[in-house]
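The structure under discussion appears below in the form of structure tokens.
What follows draws every value from the coordinates through simple rules; no lab data is involved. Keep in mind the model is a prediction, meaning the values are calculated, not measured. In this analysis, Cβ positions are derived from the backbone assuming ideal geometry, glycine residues included, and neighbour counts consider all displayed protein chains.
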Amino acid sequence: RLDPETKLATKNTEETWKVIWQGAWPRLIDKNPKEREQFFEAFISTFLERDIRTLSNVERLTSFRKFLVALASRTGQELRINKLSEIAGITDVTTKRWLSIAEAAGIIYFLPGFYSNLTKTLTKSPKLYMTDTGLAAYLCGISSPDELASDTNAGAFFETFVVTEILKSYRHNAIEPKLFYYRDSKKQSEIDLLIHRDGKYYPVEIKMSSHPDIHMIKNFSELEKLGLKIGTGSVICMTENIKYLSDSVVAHSLWNL
């Protein structure tokens, strides 16, 4: 059992949003905003002009860029084909094809909804995540960490960062994780992340708060009703100290993933 008084190796709120806004590309470490902007613009241009046109025969590059903006604006949200089509100004058929291209290129990640044969009340629509929050912020025209921290989509960006960091940590160790999110059909109960490992499901809530509390894990009990084997739960947030919210749920900093 962890010592609740243990001081975690963490970053403060300002530092955290700087990393989320800047992105995870090694070449962006310690770069100024202008250099960051030039990097992402060059990345998008290369991605569109070379990779997309060559590999996928996409001729409408301007429309595809609008599609990337649509993806960025919807990161951390449940996939809605019609909404993406509306934002990008393309048909649903084109949206589905371009989603496949973006996924194959590693630009996006789909987190599947949890589904069990024990029940038909759980959603099967995936959640969409950009794999780099810096690129997503650039596409959305967010010009600083402070602007991102106060944006209406700040929670979605924070969640995106946590989910993709967990995904990367598994893949870095040559493991393809079994990750899901939980939401019932009435959308009354939701758990941000379920990690399936060694026959158990580990529930995770993701919160921007520095002060986690027991109300954040109220939906964890829903999993017991499904007859699942439940592992230790987590709240990943901006806390500085480890905090037990129950005997089986611990809150800790995202910087200790």
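Want the number for residue 241 to residue 174: 0.36 nm per residue separation, take away the alpha-carbon distance, what's left? Don't skip to the answer; put the middle values down first.
Details: separation 67, 0.36 × 67 = 24.12 nm, distance 3.02 nm.
Net length gain for the segment: 21.1 nm.
Can you tell me the 0 to 90 degree angle between the C-alpha axis of helix 33-46 and the longest principal axis of the chain, rounded to 10?
Value to nearest ten degrees: 70.
Restricting to the range 13-256, compute how many DSSP beta bridges are antiparallel as a %, nearest 5. Kindly include the intermediate steps, with their values, before the conclusion.
Values: 20 of 30 bridges.
The answer is about 65 percent antiparallel.
Treating only the Cβ atoms of Lys and Arg (+1) and Asp and Glu (-1) as charged, compute the dipole magnitude of the range 13-256 about its Cα centre; round to the nearest 20 debye.
Working: 31 positive and 30 negative charges, 181 e Å.
Once rounded to the nearest 20, the dipole reads 880 debye.
With springs only between Cα atoms under 10 Å apart, run a GNM on the chain and tell me which of 214, 230, 108 wobbles the most.
Among 214, 230, 108, the largest GNM mean-square fluctuation belongs to 214.
Among 202, 181, rank each residue by its count of other Cβ atoms within 10 Å, from fewest to most, as a rough exposure measure. Show your work: numbers first, answer last.
Numbers: 202 15, 181 22.
Ranking 202, 181 by Cβ neighbours within 10 Å, fewest first, gives 202, 181.
Where does the charge balance sit around residue 207 when Lys and Arg score +1, Asp and Glu -1, over other residues with C-beta under 11 Å from its C-beta? Each step should come with its number before you reach the end.
Values: positive: none; negative: 159, 192, 205, 213.
After counting each charged neighbour, the total is -4.
In Å and from the alpha-carbon atoms only, list the Rg and Dmax of the chain.
Cα only, the chain: 19.0, 57 Å (Rg, Dmax).
For the range 131-193, which trypsin sites (Lys or Arg not before Pro) are both in a DSSP coil and crowded by at most 11 other Cβ atoms within 10 Å? It would help to have the intermediate numbers written out before the result.
Numbers: sites: 168, 171, 178, 183, 186, 187; in loops: 186, 187.
Passing both the DSSP loop test and the Cβ count: 186, 187.
With θ set to phi - 60° and the Karplus curve 6.51 cos²θ - 1.76 cosθ + 1.60, what are the ³J(HN,Hα) couplings of the range 144-154 in order, to the nearest whole Hz, using x for Gly and Pro?
7, x, 5, 5, 5, 4, 9, 6, 5, 9, 4
Using 0.36 nm per residue of separation minus the Cα-Cα distance, give me the extension gain between residue 82 and residue 105 in nm, one decimal. Please list the in-between numbers first.
Working: separation 23, 0.36 × 23 = 8.28 nm, distance 2.19 nm.
Gain on stretching residue 82 to residue 105: 6.1 nm.
Considering Cα pairs under 8 angstrom that are at least six residues apart, work out the relative contact order of the range 13-256 and quote it in whole percent. Intermediate values should be presented prior to the final figure.
Working: 370 pairs, mean separation 37.3, N = 244.
Rounded, it is 15 percent for the range 13-256.
Taking only the alpha carbons of the range 191-257, what extent do you get along each of the three principal axes, in Å, biggest first?
Largest first, the range 191-257 extends 34, 23, 20 Å along its Cα principal axes.
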